[in-house]
Structures are given as structure tokens and as C-alpha cells.
Amino acid sequence: MAAQEQKIEFYNGPAGGWGALRSVTRALLAQDIPVKGAKTLLSANQPDGFDCPGCAWPDRNHASTFEFCENGVKAVAAEATARRAGPELFVQHTVAELAARSDFWLEDQGRLTHPMVYDAASDRYRPIEWDDAFALIARHLNALPDPNQAIFYTSGRASNEAAFLYQLFVREYGTNNFPDCSNMCHEPSGSGMRPQFGVGKGTVTLDDFERTDAIFIFGQNPGTNHPRMLGELRAAHKRGARIVSFNPLRERGLERFADPQDKREMVTMGATPISTHYFQLRIGGDLAAVKGMMKHLLERQDAGESLLDAAFIAEHTTGFEALAADLRAESWDVLEQESGLDRAQLRAAGDVYAAADSAIVCWGMGITQHAHSVATIQMLGNLLLMRGNVGRPGAGPCPVRGHSNVQGDRTMGIWEKPPAALLDRLAEVYGFEPPRENGMDTVEAIAAMRDGQGKVFFALGGNFAAATPDTYETWKGLRRCELTVHVATKLNRSHVVHGREALILPCLGRTEIDIQAAGPQGVTVEDSMSMVHISTGINPPASAQLLSEPAIVARLAEATIGHRSRTPWRWLVEDYARIRDHIEAVFADFKDFNRRVAVPGGFRLRNTASERVWATASKRAGFFTHPVPRDTPSHRARARFAGKGDTRVFTLLTTRSHDQYNTTIYGHDDRYRGVFGQRRVVFIHADDIRDIGLKNGDWVDLRTVWDDGQERRADRFKLVAYDIPRGNLAAYYPETNPLVPLSSVALNAGTPASKSIPVILVPHAAPEQGAEVDTARTPYAVGA
Amino acid sequence: MDAPDALAQAILRALADAPARDGGGVSLPRLGKQLGLGASSLMRELSRMGDATLGGVPGPGWVRVAQQDDRWVVHLEAAGRALLGTLPR
């Protein structure tokens, strides 16, 4: 790829629109895919087609026509690329050379074609036969004195069938060590909602979006992360629904959207507003903001209005009086100070909520990746419960999930804390005693590897080395392993940060035809609204050597525990309908699975909370009372520096660019934020730049303020003046992941608190006059 | 694919009957429209009729989907033409 011009240029257009079409064209050409006719190859979510491997936002009509999504096209184009990362690539480059390349470059080499094993003598990967690869893994696993020394990671792209077999294999092997990408994203949603509503999933469907009066969006940027959600928001706005956004950053996707499939909007260069109200609160100020809204509602109620659903509260909930007492006692000054919004704004948001006959509350990782995220999510739940906005049309909680099957994988039992009922059922159906003790989540797994307690790391997809916090601690851990194994479609950072022995196992992508003994196979996925549907590939595999993920798991299981397992591994993967029969045998919600999933569009899993059946200990929905957090790492860091010179502590959130999906970097632009050709930027309020004595465009190093004596830094970021509250910063991950301490996690969920990192800025010498600074290619911090 | 199913036969005939333009091929969208096929169904069938190895078995190589300038074009290959000659009209 030719060097791209680096510039910061305000973007005045809407989300979507012609900019999205131009971006898609560039993405296709970058993968050597002709634009004309590409729709045929890349159309996701069609009748008997494949499910988009991107986000988990549901499809309005899974059996209908192509629904445009810029990021979906990028994801599919990246998989359908004509480029190949075959054995010759690994002949040309040592692993040390590959490790010096950027994440973008690694993935840009194309699809992996052969299973590869690391050869320490030459520092190169070389081809290995599949059977030899499985034998190598089995040898390592069976040599461990304790199965809990093995760690089995799962990406949210793994299908239900692969995930089911995987959890079965790993539990038969003897551990519950299932760190997964849920641990890094929506774990707090489940942790907050299960005791509150009895389910760990959202209750709404797309039909509710059609019927709701108001949509509240907290800590989410759908324009970049769930572009198809903009279609729902646009339609809601057009019919008069109120859309209220809470976000520290001004995000174009929350402001206005031009639907590329709307000819009138495209021809007239028009757009539809999205948010009717936009509140730029302080990073981590959501709990205080919601509490302010609720306090306002209660004050109006106490003044004689009838705003709360008293009948619902009496019949369906517990804990309201304690919450009400807490709200009445809460100080407006504290709420204003901690939310960053004044009471007029908090009252205005509360008034919108009070005026809506029905309301949906959405949230993303801007809520979940904080120390107090579980409490914040329960506050969002409280807000809904106050007016009975759960379990009726147009109302309910909507945690918007990231990867396409992250919710399904958890449903299938990819969970380090498995419910006893699941283990009992596995024991009953398969005749073995599953391990009963909880396994390790992602952060615990990193610590175990770093400390020498985790010795074999197996990843079913994903890019663990780039996705995780405290990058160099994670890398230490991976390098300390006796064996690391990655199932993948493309080369990534995790393949070059490896254990003493290492394997890369290339697998089929979701767009590709999967042929097993019984013929072509489809796999199933569950979207963010609990819809389960089938996905069947349409393109030839990138290589004849690729195996499907279910086949890889089954053959690994056979090699490792085949001598003692009664599970017919090979037989199961001959026909995935057999795996679905086994899923049905274990999970009651999947009754008649094969028949129901054969219906175009699939089916919705039962969600008891949406029926106002509360599967909680009290058999009621729960109001939970939490104080406004005033002792967070940022509070403590600011206190540490108070009165000690001019050093200012900022709170940094890590975020994606628009040319990025999770750790996959498709390009170097962040169009809606006006960043082009670069990634090492930090967004900051213009007045803060002035106050630290620097200028817009100056360079800084970022250093975490933490109390464990360890230096965490990410160097050489360009200051970009942006519409963000004072004292707050934003920058892209994975470049800023080294700044996230491993011990900085969500309480009661363990999710890395990547959205609230206390940092200081240190001026970095500007590059010499005329020198080209390739900020796009520099991986992670200087000195990595 | 050992023997062509009805859909494969229809595709082979459509390609054989196509006017000699596009370098002897038919553009992908046009072929789908002509056969009344959705994109997923058409692409999956073409994948099975090409020479790609699926499930460890080399494909029959009856057709080829190729990039031609800035678009996708489906070509009838010699194997497909020969097969077509053996099929009843």
C-alpha cells in the first residue's frame, strides 16, 4: 500500500452517505476485489447465505435483501481477499522480522493457507501436517500435571457448533479455563443484569425499536461499531421518537446519518438527524448521570406527579424504597461534579424519559469497561424499572454486543464460571464428571501465564496479544508458555508473540463453503437480540488445506482425549445437524433445534425477563442501590498529584477508529473524527492543550498513573484538539493497551477498565523538520 | 460435484447460450438476474462447479469466475462445454 497522506481535517458530512461508499470502494480495491459485482460475493445475511462475521447487531429481515453496512463489507472483503499468506511468506520472513511489522501489515498479507509450526532454530514458521499438529498439542496437554495449566480462549466469531464442541472437549479434558472476548466487553452486562432481571441478555427485539418512544444510548458509537443500528435509529427519529445520547466524545454517527440505500438522501446530499439530545458527560460519569435522571423523576413524583409505574413496582420488583431513599439523599452537587453535566441537563434528560410511554436503553463498552460498570448497568436497569420499561412493547435493556456470535458462545457454555445446571447436564448426557471449580477469565489467564502457572494457550480465533490489557505483561505471559496455538484466518500479532513451541492453524472463514462427509454444512449464530439463525458459506475456501473450526476441535479432542472419551467426535462433525442435536440434548431452549433453525430467519431464544418472568432469587426484578463512585483510579491519581506542581492527570478512554473492527485494522483513517493516514493520535480539549503549554499537533508520550510501581507508557502520540470534556482524552487501541494495568478491572466482572485510565502527558520531541513520521506503521509503544 | 444437478445444468446452458460478449463470459449480476437466483445461491453453486477443492475433493472445473477489468465474469470452461454436449436438451 502506498504511503497515505497524514492529515487532520474536520469532517462535516453525515455518517454513512457518499463517504461510506467511497470507503467501501477503497476497501474492496485494497483486497484486489473488483467493485462491480462485488455485492454478489460480499452480500451477507441473505437467504441461505452467510452471516456477516462483523458485529452482532441483528438483521431486520434476515431473509430479505442486501443491507448496506460499510464495516460489514470491510469485514467480508478482508476474508474474501485474493491475497494469500502461504508458506513462502514465512520463508521470506523470520518471526522477529514479522514482529517488527504493524498489525495492519500482518493482516494485509492475506489468508493463511497451511498449518504452520514454529521452528526455533530458524526463527521461522514452517508447514506441518494437520495430524502432526494435533499430536503435538495433545502431547503437551496430556503432559501437564494439572489440566488447569491449560487455557482455552474463544473469539466471539466462533459458531455455536464450534463453541459447543470446544466447551465439551475442554471440560472432558478437565478444566473450565475459558477466557473469552466477553470477559473484555460485555461481561459486566451479564453480571449486572442476571441478579436484576434474571437474564444476562437484552430483552428487546427490533420490533421494539419500531414501537418505542425514546431510545437512550450510553457509551456507544454505532456509526463505527454497529453501522446497521443507524438504520433503526434513523427510522425511529423519522417517526418522532426521542433519541438521547450520552457520550464524552462528539460522534458523528450519533448526530446525523445518510442512508446509502436512500436515493433521495444520496442525490440531495441530505441526511437524517439521529440524536434529539446529546449530553457530553465526563468519562465514567454515566452512573452519576443516570442517578441524576432518577433523582429528578423522584422529585417530580414526590411533588405530586404520577410518573413512576407504581403497580409494576409493587407487583414485580424489590428494593425500590432503598433506592428512593438513596436518591433523595444524594447531593445534586455530587451528581453534577461526577457526571460533568449540570442539573438542568440531567433534568432535561429525565424529562425526556418521563414523557416517553416506552423507552429502550442501549449501551456499549463506554459503559462496561470501567471499574464501576456493573453498578452503572444496574442503575440503567433501575431507570427502566421505575417506569415499568421492561417486558412490554417498545421497552427494555439493550446491551449492544460486539462480535457476531459472542452472545451465542456464552449460551453454548463458553464460560469460566459455568452454572451447576450446565455441568450436571453434561455429566448426564456424556457420562463424565466435569470440573466443578471455576476457571480463569481473560485477566486471570494472563496473570497465570505471566506467573508460569498457565503453560499451554489455545485460542479458537481472535488476536489475544493485541486485544488484551497491559500489553507487555500479556506478551510476557504468552512467551512464557510451553505451547501457544492459534486458530486463525489471517496472520496477526498473536502469532508473532508466541510460546516456546507454537502453531498457527488456518481455518475456514464464515463466507466459505464447508464440506463434510454429509455434504455442505451451515453453522448457527446468535445475535445481540437472541435470534439464532444459520449461516452457510458461498465462496471456495482460500486454500484446500483449511479445516472448519468444528473439525479442528473434533480432531484435537480425538487426539487428546479420544482414548477415554465416549463422545463420537469424528461422527459429530460429519454432519453439523448431529452437533445441533447434541446442543438440543444439553440446552432446553434449543428444543427442535434443527427444524427451527431451518426456517428462514431462524428463531428467538426464550427471554424470561421479556415476559416479566423474573428468574432471580426473589422471583422479582431488583432495584439496586449504588453510591456515586468517588474513589476511582482517576480520583486517586488526581489526589496524588494535587498541589504538586503543574502536572495534570487526565482520564483516557481507548477506542476504535472507523477503519477498525476490534483488533483488525482495515485502514488508517478515522473519517468521522477527521483523522486520516495515521493512528497515533490523542484527542484532547483545545483548552487542555493550552493549559499544558503545548499546541495542537504537538507530540506527547502517555504514562499511566498507577500504584504498583510499574511503568506503563505509550510513546509518541499527536495531540488533536477535539470536542471532548476537559480532563478527558481518547486514543486508539491496541496502541494504548499497554497503558491499561492488568489489575484495573470492573468490580464483580473482571473486565479490563480500558475506558478510564488515569494518565499524564509528557512532551515528546517533535520529529526533525521534514522527517517523515510513519505513525501508522509503528506498532505499540516505542521500546516494545 | 460428480454429476450436474438441475441448477448446475441451467447455469451451464445459460453460459453456453450467452452472446459472445464479455470475452465469452457472462457478468455475475446478469447471470443471477437471468436465472432468477439470489446472490448466495448463485455463488455457492458456481463455487461447487469451479475447480476449487471442496472437502478435500477437487472441483469439476466446469466454470470459472474471473475478474475482468473492474468486474466479475463467469466463463464456461472446456470441461463444462464437453459435459453440456452429453446432456439432453
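All but one of (1) modelled with pLDDT of 95 or more; (2) over 30 Å from A:Cys55 (Cα atoms); (3) small (Gly, Ala, Ser) hold for A:Gly645; state the number of the condition that does not hold.
Result: A:Gly645 passes all but (1).
How many residues does the range B:45-89 contain that are under 14 Å from B:Gly24 (Cα atoms) and β-branched (Val, Ile, Thr)?
Going through the range B:45-89 one residue at a time, the tally reaches 4.
When you check A:Gln407 against the structure, is it assigned to a helix (DSSP H, G or I) and modelled with pLDDT under 95, yes or no?
So A:Gln407 fits the description; yes.
All but one of (1) in a helix (DSSP H, G or I); (2) within 14 Å of another protein chain (Cβ to nearest Cβ) hold for A:Pro541; state the number of the condition that does not hold.
Status for A:Pro541: all satisfied but (1).
Of all residues in the range A:421-452, how many are in a helix (DSSP H, G or I) and open to solvent by 60 Å² or more (accessible area, probe 1.4 Å)?
Count: 6.
List the residue pairs whose Cβ atoms are under 6 Å apart, where the first residue sits in the range A:219-236 and is open to solvent by 10 Å² or more (accessible area, probe 1.4 Å), the second is modelled with pLDDT under 90 and acidic (Asp, Glu), and the two are 6 or more positions apart or on different chains.
Short answer, once both residue conditions are applied: A:Pro227/A:Glu70.
Take the residues in the range A:578-628 that are part of a helix (DSSP H, G or I) and among the aliphatic types (A, V, I, L, M), then tell me which one is surrounded by the fewest Cβ atoms within 10 Å (Cβ to Cβ).
A:Ala588
Give me the pairs, please: first residue somewhere in the range A:314-330 and modelled with pLDDT of 95 or more, second residue anywhere and acidic (Asp, Glu), beta-carbon distance under 8 Å, and either six or more positions apart or on two chains.
Correct list of pairs: A:Arg328/A:Asp302.
So that you can scan it fast, the table gives a plain yes or no per residue for (1) closer than 19 Å to A:Gly19 by Cα; (2) in contact with an Asp or Glu (Cβ under 6 Å, 6 or more places away or on another chain); (3) modelled with pLDDT of 75 or more:
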residue	(1), (2), (3)
A:Ala38	yes, no, no
A:Asp48	no, no, no
A:Ala63	no, no, no
A:Asn71	yes, no, yes
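Report whether or not A:Val390 is more than 15 Å from the chain's Cα centre (by Cα) and assigned to a helix (DSSP H, G or I). Full working, then the answer.
Working: more than 15 Å from the chain's Cα centre (by Cα): yes; assigned to a helix (DSSP H, G or I): no.
Criteria not met by A:Val390.
Going by the conditions given, is A:Tyr278 in contact with a Leu (Cβ under 9 Å, 6 or more places away or on another chain) and free of Cβ contacts under 8 Å to residues at least 40 places away in the same chain?
Considered against the rule, which asks whether it is in contact with a Leu (Cβ under 9 Å, 6 or more places away or on another chain) and free of Cβ contacts under 8 Å to residues at least 40 places away in the same chain, A:Tyr278 comes out as yes.
Among A:Leu508, A:Leu546, which is within 13 Å of chain B (Cβ to nearest Cβ), open to solvent by 10 Å² or more (accessible area, probe 1.4 Å), under 26 Å from the mean Cα position of the chain (by Cα) and modelled with pLDDT of 95 or more? So that I can check it myself, show each step before the final result.
On the way: A:Leu546 fails: under 26 Å from the mean Cα position of the chain (by Cα).
Checking each option against the conditions leaves just A:Leu508.
Among the residues of the range A:182-205, write down those that are among the small types (Gly, Ala, Ser) and in contact with a Cys (Cβ under 9 Å, 6 or more places away or on another chain).
A:Gly202
Residues A:Leu478, A:Leu503: which one is among the aliphatic types (A, V, I, L, M) and part of a helix (DSSP H, G or I)? Full working, then the answer.
Working: A:Leu503 fails: part of a helix (DSSP H, G or I).
Only one candidate qualifies: A:Leu478.
The values are calculated or read from the model by the stated rules, or taken from the named source; none is laboratory data. The structure displayed is predicted, hence computed values, not measured ones. No Cβ is skipped: glycine too gets one built from the backbone with ideal geometry, and neighbour counts run over all protein chains shown. Surface accessibility is based on the protein's heavy atoms, side chains included, excluding ligands, DNA and RNA. Shrake-Rupley method; radii C 1.70, N 1.55, O 1.52, S 1.80 Å.
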